[in-house]
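Remarks on the structure that follows.
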Amino acid sequence: MALVRPVFYVSDGTGITAETIGHSLLTQFTETRFVTDRIPFVDSVERAREVGAKIRAAAEIHGVRPVVINSCMDGDVGAALAESGALMLDVFAPFIEPLEREFGESRQRRIGQAHGLVDFETYHRRINAMNFALTHDDGQSIDYDDADLILVAVSRAGKTPTCVYLALHYGVRAANYPLTEEDLEQDRLPPRLRPYRNKLFGLTIDPIRLQQIRQERRPNSRYAQLETCKREVAAAEMMFRAERITTLSTTNTSIEEISSKVLTTLGIHREMF
């Protein structure tokens, strides 16, 4: 059985930076299971000590030293967090000293600066993209004229979190379409998707992993049976091959990697916020 290690993403802002970097690091370690918790807006020593107590409690529960991936700018806050006894990883530390030497100036410790808005246009693009992703989630809306891309897959293959990530980090209007049993009985794309084939990207997943995910959502249902998962995944992959839709497995692939592959394949060039 894999060791379970508690990991905390702690920040004086939203925690998105710490979580994004931390998740990318943790995916490199496959023999350890992680339980993660993002704790935002830790902007005082008092709050840091409250979080430290939570971290110590996790150490007692799991019987192992927690990891804290920290993007707090205040040194006193960081020191208070370190009192928890966790392994402290400052996401900015490896880069600050080389940059200070290169630029000939010292950094300014501004709380929340890493999460500041570049400009209102960027902010609104990101919010509009998020609204688009939610409106077009799981085929709720099928008006895809304004979509930058459309993810297509069977239910629970990772479409929604990828769309949300693309919206939040790139301002991309990503819709997703869940392939139904009726769709999978055909060997062609569903009619509503055919006009947008240049926007399509297929996701697939190992049937055993899909069964585990569905079992958590609808235990002991036909929807969660392994045979159902095998049949749906096989039919979807056959459709993608027949229609020459580029496909990526989400089984062991992070959301960051999926998003990068989707954008590159579809030729969407957008800087990360």
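The values are calculated or read from the model by the stated rules, or taken from the named source; none is laboratory data. These numbers come from a predicted model, not from an experiment. Every residue, glycine as well, gets a Cβ built from its backbone with ideal geometry; the counts of neighbours run over all protein chains shown. Heavy atoms of the whole protein, side chains included, go into the accessibility calculation; ligands, DNA and RNA do not. Shrake-Rupley method; radii C 1.70, N 1.55, O 1.52, S 1.80 Å.
Would you mind finding the one in 208, 245 that is among the aliphatic types (A, V, I, L, M) and either under 26 Å from residue 21 (Cα atoms) or assigned to a loop (DSSP other than H, G, I, E, B) (or both)?
245
For residue 195, indicate whether it is touching a strand residue (DSSP E or B) at 6+ places or on another chain (Cβ under 8 Å) and either touching a residue at least 40 places away in the same chain (Cβ under 8 Å) or within 26 Å of residue 132 (Cα to Cα) (or both).
no
If you take the residues in the stretch 149-182 that are part of a loop (DSSP other than H, G, I, E, B) and over 17 Å from the mean Cα position of the chain (by Cα), which one is surrounded by the most Cβ atoms within 10 Å (Cβ to Cβ)?
154
In the stretch 126-148, is there at least one residue being closer than 30 Å to residue 198 by Cβ, modelled with pLDDT of 95 or more, under 23 Å from the mean Cα position of the chain (by Cα) and surrounded by 13 or more Cβ atoms within 10 Å (Cβ to Cβ)?
Yes, the stretch 126-148 has at least one match.
Read through the list (1) in contact with a strand residue (DSSP E or B) (Cβ under 9 Å, 6 or more places away or on another chain); (2) more than 29 Å from residue 124 (Cα to Cα); (3) buried (at least 20 other Cβ atoms within 10 Å of the Cβ), then give the number of the only condition that residue 237 fails.
For residue 237, the failing item is (3).
I'm trying to understand the selection: among the residues of the stretch 1-35, which are touching a Phe, Trp or Tyr at 6+ places or on another chain (Cβ under 7 Å) and part of a strand (DSSP E or B)?
Listed by number, the residues that qualify are 5, 7.
Restricting attention to the stretch 264-273, report how many residues are surrounded by 14 or more Cβ atoms within 10 Å (Cβ to Cβ) and either among the hydrophobic types (A, V, I, L, M, F, W, C) or assigned to a strand (DSSP E or B) (or both).
Counting residues in the stretch 264-273 that are surrounded by 14 or more Cβ atoms within 10 Å (Cβ to Cβ) and either among the hydrophobic types (A, V, I, L, M, F, W, C) or assigned to a strand (DSSP E or B) (or both) gives 3.
Checking the structure you have, find out if any residue of the stretch 72-82 is closer than 22 Å to residue 168 by Cβ, touching a residue at least 12 places away in the same chain (Cβ under 8 Å) and surrounded by fewer than 21 Cβ atoms within 10 Å (Cβ to Cβ).
no
Please indicate, with yes or no, whether at least one residue in the stretch 205-223 is among the β-branched types (Val, Ile, Thr) and surrounded by 18 or more Cβ atoms within 10 Å (Cβ to Cβ).
yes
Among 66, 6, which is surrounded by 14 or more Cβ atoms within 10 Å (Cβ to Cβ), modelled with pLDDT of 85 or more and in contact with a His (Cβ under 6 Å, 6 or more places away or on another chain)?
Step by step, each of 66, 6 is checked, and only 6 is surrounded by 14 or more Cβ atoms within 10 Å (Cβ to Cβ), modelled with pLDDT of 85 or more and in contact with a His (Cβ under 6 Å, 6 or more places away or on another chain).
Name the residue that is most open to solvent (accessible area, probe 1.4 Å), counting only residues in the stretch 240-263 that are farther than 21 Å from residue 27 by Cα and out of contact with any Asp or Glu (no Cβ under 8 Å at 6 or more places or on another chain).
244
When you look at residue 89, is it assigned to a helix (DSSP H, G or I), open to solvent by less than 80 Å² (accessible area, probe 1.4 Å) and aliphatic (A, V, I, L, M), yes or no?
No; evaluated as a whole, the condition is false for this residue.
Which one of these does residue 201 not meet: (1) touching a strand residue (DSSP E or B) at 6+ places or on another chain (Cβ under 9 Å); (2) in a helix (DSSP H, G or I); (3) touching a residue at least 60 places away in the same chain (Cβ under 8 Å)?
It is condition (2) that residue 201 fails.
On the given criteria, is residue 228 part of a loop (DSSP other than H, G, I, E, B), surrounded by 16 or more Cβ atoms within 10 Å (Cβ to Cβ) and among the hydroxyl-bearing types (Ser, Thr, Tyr)?
no
Could you tell me whether any residue of the stretch 194-212 is over 26 Å from residue 126 (Cβ atoms) and in contact with a Phe, Trp or Tyr (Cβ under 9 Å, 6 or more places away or on another chain)?
Yes, the stretch 194-212 contains a residue that is over 26 Å from residue 126 (Cβ atoms) and in contact with a Phe, Trp or Tyr (Cβ under 9 Å, 6 or more places away or on another chain).
Does the stretch 197-209 include one or more residues that are more than 22 Å from the chain's Cα centre (by Cα), modelled with pLDDT of 95 or more and not basic (Lys, Arg)?
Within the stretch 197-209, one or more residues are more than 22 Å from the chain's Cα centre (by Cα), modelled with pLDDT of 95 or more and not basic (Lys, Arg).
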